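I have placed the structure first, in the form of structure tokens, so that the comments after it can refer back to it.
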Amino acid sequence: MKALWALVALLGAAALAVLATSRGETVNALWLVTAALCTYALAYRFYSLFIARRMLRLDAARPTPACVRNDGLDYVPTNKYVLFGHHFAAIAGAGPLVGPVLAAQMGFLPGTLWILVGVVFAGAVQDMLILFLSVRRDGRSLGDMIRTEMGPFAGIVASIGILAIMVILLAVLALVVVKALAGSPWGSFTVFATVPIALLMGLYGRYVRPGRVLEMSVIGFVLLMVSLWLGGAVAADPVWAARFTFSGVTWAFMLMAYGFVASVLPVWLILAPRDYLSTFLKIGTICALALGIAVVMPELRMPAVSRFVDGTGPVFAGSVFPFLFITIACGSVSGFHALVSSGTTPKMIGDEAQIRAIGYGAMLAESMVAIMALIAACVLEPGAYFAMNAPAALVGTTVEAASSTITGWGFPISAASLTQLAHDVGEHTILARAGGAPTLAVGMSRILSGALGGRALMAFWYHFAILFEALFILTTLDAGTRVARFMIQDLAGLAVPAWRRTESTLANVAATGLAVCAWGYFLYQGVVDPLGGINTLWPLFGISNQMLAAIALTLATVVLFKMKRQAYAAVAAAPAAWLAVCTLTAGWEKIFSPVPAIGFLSHAARFAAAMAEGRVMAPAKTAADMHQVLANDYVDCALTGLFMAVVVLMLGAGVACIFQALRDVRVTTHEDRHDLPLLRPNV
Amino acid sequence: MICRCFGRTFDVSQAARSARAAVELVAGLPDYDRYVAHLRDTHPGEAVLSREAFFRARQDARFGAGGGLRCC
């Protein structure tokens, strides 16, 4: 057995060496897959076992909430593999697909290393620890646990932080959809079609065959494929194509209206059926991509390390440290998972020992999704990658201008091949489609058409990939708006209790409206931004997501001290410290950097100077636009400042709790003891 | 339906049922039959929700306040 693990270690090291030393020639993607799989196997076998046995002392004999409170509804002991699927479906989303695609501008190596190191020591550790904490506390939520372990003040600070991250998350995901669908009649038609399809599924599941989720999803999937085929016909017809061609701004307002309506309507009508469909499509497509990569074995055309590690990249501004570490969040470490790991999963674990497979294991699987997204971006010619991801303000709006600028950067690409690529995937243009989804879709269509259908099916696979991403982003959008609404009601209820009444239509509509306005503001700002918006919003999202991870790991550290297991505190404290350093440095640079592409204040100063001279600078077309740009900069600044303040306050609260725990000789944590009589009523 | 292969017997319809239940649980819908069996075994006499009511209650719980957080 030992020899086998030594072999795995050797193989992984060899694969990493091949990746790291490749210069000038292409490398096969299988090396990347091998390096990742070996790393995951070793980390799971050794590090997660160490955490499970030595540090947490998981006790298979200890009853879990699912056993004690088994009600057949919320608390149900569930088969390990089924629960793995449930948990994986809840943590995997657009995040691990977008971040690595953006990070590919620095070459495939920096992103790969952060994904692998990050998941082993931070991401999977966080998911496992929070799941453990929640299982030991009756499946309670992250906010709840912070309140009981770190005090009410820390609880409120964390709640505000969680609401802010929701707003930015929804805005940036909506922006990804806008970037993919603006000016694309094929994509727009299929995404429109998902609404009646979801309605039909909802009615079927409510009245025809109640509760048959699988049946209605199969029906939905078949209709989806029909709409995908119809979309091709629509795009080919000049009259219909014009009817389904929308600008980015129009899409932004349509998404806001959709988010509002879908989250106010009864959930069974549109929100839930869409959720079922996107869950199955997500898992199916991820498996298809994995198979595609294994069959096609594509070559990575992107260099291992590109010249843009110096921070001058067109996709996002800023150097490797700290910006790579906030650009790739999901896939290496994502604070959002702390919310999922303290949601439904802890109520379904029948055996504490499974925390290792579910918490650590599912995150490794998510990390593999990020690696596959990175591969999909890197199988493109680098020139095509930059043409798709660089903003029009930098490379121009024609294929000729784009090809000459990008060739000038050292990534040769001809105008004809850019036109050909757009034609292959059934689009008018592929320029300036930042945001990850289209790049991933082109990469996926390369891989999948290589496995099935050849060039003839490339357009189909491209729009399939766009549809798949748009579908689950829209699902996040409506479900997320709903969650944000509950958070707003909860927080506003602290001041005015009437807000708390979730059955009141007025409070519901007002809170939903507030939630939509909040993310809609950032979405609109991103859509009209000449630098593409992703440039500004993705770092904000990354900062907020990593901030949440730092908070979750701080909570875990505090509890370790309270449990008198501080000998192992570094397992949680080290990644918490690293994430705090990354988010605070990135936040500081976003506010104060003298480079206008990075720093909000210096960007604002440039516009203020132009306004003083009476000049109008792009993207502004009028003096009023200039005021808007300035206002946006200050709002972004304030939001970044808020994130930093939340991190600092939570770290402070954490340190205070640790000292308090050290002064006490007893174990001071608040675990539920199921061998004692239950204190709380069974809710 | 019972199927025999390699000298073992399999209940195909039972296997299909559990496969469907597993897939539905991945999408957040617990198994109705298991819920009924659980109530019958451990809380005899308690009112059992109909399949429709069970489905509605689960959907509301998944997308209601405090439920159903999924990642980006």
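Say we look at the range A:44-82 and pick out the residues that are of a type in the set (D, E, K, R) and facing another protein chain (nearest Cβ under 10 Å); which of these is farthest from B:VAL48 (Cα to Cα)? Write out each step before concluding.
Kept after step one, since they are of a type in the set (D, E, K, R), are these residues of the range A:44-82: A:45, A:53-54, A:57, A:59, A:62, A:69, A:71, A:74, A:80.
Filter once more, so that each one left must be facing another protein chain (nearest Cβ under 10 Å): A:71, A:74.
Numbers: A:ASP71: 11, A:ASP74: 15 Å.
This residue is A:ASP74.
Sort through A:THR505, A:THR512, A:THR475 and tell me the only one that's over 27 Å from A:THR585 (Cα atoms), polar (S, T, N, Q) and open to solvent by 20 Å² or more (accessible area, probe 1.4 Å). Working first, answer last.
Working: A:THR512 fails: open to solvent by 20 Å² or more (accessible area, probe 1.4 Å); A:THR475 fails: open to solvent by 20 Å² or more (accessible area, probe 1.4 Å).
The match here is A:THR505.
Taking only the range A:357-367 into account, find how many residues are touching a helix residue (DSSP H, G or I) at 6+ places or on another chain (Cβ under 6 Å) and either of a type outside the set (A, V, I, L, M) or more than 24 Å from A:THR78 (Cα to Cα) (or both).
Total meeting the criteria: 4.
Please count how many residues of the range A:14-37 are part of a helix (DSSP H, G or I) and either modelled with pLDDT of 90 or more or open to solvent by less than 50 Å² (accessible area, probe 1.4 Å) (or both).
In the first step, residues of the range A:14-37 are kept if they are part of a helix (DSSP H, G or I); the result is A:14-21, A:29-37.
Narrowing further to those that are either modelled with pLDDT of 90 or more or open to solvent by less than 50 Å² (accessible area, probe 1.4 Å) (or both): A:14-20, A:29-37.
Of the residues in that region, 16 qualify.
Name the residue, out of A:VAL315, A:VAL333, that is modelled with pLDDT of 95 or more, aliphatic (A, V, I, L, M) and in a loop (DSSP other than H, G, I, E, B). Show your work before the answer.
Numbers: A:VAL315 fails: modelled with pLDDT of 95 or more.
One residue alone meets the criteria, A:VAL333.
Test A:ALA574 against the criterion of being of a type in the set (Gly, Ala, Ser) and more than 29 Å from A:ALA390 (Cα to Cα), and give yes or no. Reasoning before the result, please.
Numbers: of a type in the set (Gly, Ala, Ser): yes; more than 29 Å from A:ALA390 (Cα to Cα): yes.
Taking the combined requirement at face value, the residue satisfies it.
Within the range A:124-179, how many residues turn out to be touching a His at 6+ places or on another chain (Cβ under 7 Å) and surrounded by 22 or more Cβ atoms within 10 Å (Cβ to Cβ)?
Summing the residues that are touching a His at 6+ places or on another chain (Cβ under 7 Å) and surrounded by 22 or more Cβ atoms within 10 Å (Cβ to Cβ) in the range A:124-179 gives 3.
Residues are listed down the side, and each one gets a yes or a no for (1) under 29 Å from B:ALA53 (Cβ atoms); (2) not in a loop (DSSP other than H, G, I, E, B); (3) not small (Gly, Ala, Ser):
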position	(1), (2), (3)
A:GLY143	no, yes, no
A:SER159	no, yes, no
A:LEU169	no, yes, yes
A:LYS179	no, yes, yes
A:MET216	yes, yes, yes
A:ILE219	yes, yes, yes
A:LEU224	no, yes, yes
A:TRP229	no, yes, yes
A:ALA235	no, yes, no
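Run down B:GLU24, B:GLU52, B:GLU46 and say which single residue is more than 7 Å from chain A (Cβ to nearest Cβ) and either open to solvent by 80 Å² or more (accessible area, probe 1.4 Å) or closer than 16 Å to A:LEU214 by Cβ (or both). Show your work before the answer.
On the way: B:GLU24 fails: more than 7 Å from chain A (Cβ to nearest Cβ); B:GLU52 fails: more than 7 Å from chain A (Cβ to nearest Cβ).
Answer to the selection: B:GLU46.
Does the range A:441-457 contain at least one residue that is in a helix (DSSP H, G or I), more than 22 Å from A:PRO303 (Cα to Cα), touching a residue at least 60 places away in the same chain (Cβ under 8 Å) and among the hydrophobic types (A, V, I, L, M, F, W, C)?
Scanning the range A:441-457 turns up at least one residue that is in a helix (DSSP H, G or I), more than 22 Å from A:PRO303 (Cα to Cα), touching a residue at least 60 places away in the same chain (Cβ under 8 Å) and among the hydrophobic types (A, V, I, L, M, F, W, C).
Of the conditions (1) without any contact (Cβ under 8 Å) to a residue 40 or more places away in the chain; (2) surrounded by fewer than 22 Cβ atoms within 10 Å (Cβ to Cβ); (3) within 28 Å of A:ALA631 (Cβ to Cβ), A:GLN489 satisfies every one except a single condition; which number is it?
Looking at each condition in turn, A:GLN489 falls short on (2).
Name the residues in the range A:254-276 that are open to solvent by 10 Å² or more (accessible area, probe 1.4 Å), assigned to a helix (DSSP H, G or I) and touching a residue at least 40 places away in the same chain (Cβ under 8 Å), would you?
A:MET256, A:TYR258, A:PHE260, A:VAL264
Out of the residues in the range A:517-547 that are open to solvent by less than 10 Å² (accessible area, probe 1.4 Å) and farther than 17 Å from A:VAL98 by Cβ, which is nearest to the chain's Cα centre (by Cα)?
A:MET547
Here are B:ASP31, B:ASP41: which of them is within 18 Å of A:ALA66 (Cβ to Cβ), touching a helix residue (DSSP H, G or I) at 6+ places or on another chain (Cβ under 7 Å) and more than 7 Å from every other protein chain (Cβ to nearest Cβ)?
Details: B:ASP41 fails: touching a helix residue (DSSP H, G or I) at 6+ places or on another chain (Cβ under 7 Å).
On inspection, the qualifying residue turns out to be B:ASP31.
Test A:ALA329 against the stated conditions and say whether it is under 15 Å from the mean Cα position of the chain (by Cα), surrounded by fewer than 24 Cβ atoms within 10 Å (Cβ to Cβ) and more than 13 Å from A:SER134 (Cα to Cα). Explain how you work it out, then say what you get.
Values: under 15 Å from the mean Cα position of the chain (by Cα): yes; surrounded by fewer than 24 Cβ atoms within 10 Å (Cβ to Cβ): no; more than 13 Å from A:SER134 (Cα to Cα): yes.
It is false that A:ALA329 is under 15 Å from the mean Cα position of the chain (by Cα), surrounded by fewer than 24 Cβ atoms within 10 Å (Cβ to Cβ) and more than 13 Å from A:SER134 (Cα to Cα).
The values are calculated or read from the model by the stated rules, or taken from the named source; none is laboratory data. These numbers come from a predicted model, not from an experiment. Don't worry about glycine lacking a Cβ; one is built from the backbone with ideal geometry, like all the others, and counts go over all protein chains shown. When the accessible area is computed, the model is the full protein with side chains, heavy atoms only, and any ligands, DNA or RNA have been set aside. Shrake-Rupley method; radii C 1.70, N 1.55, O 1.52, S 1.80 Å.
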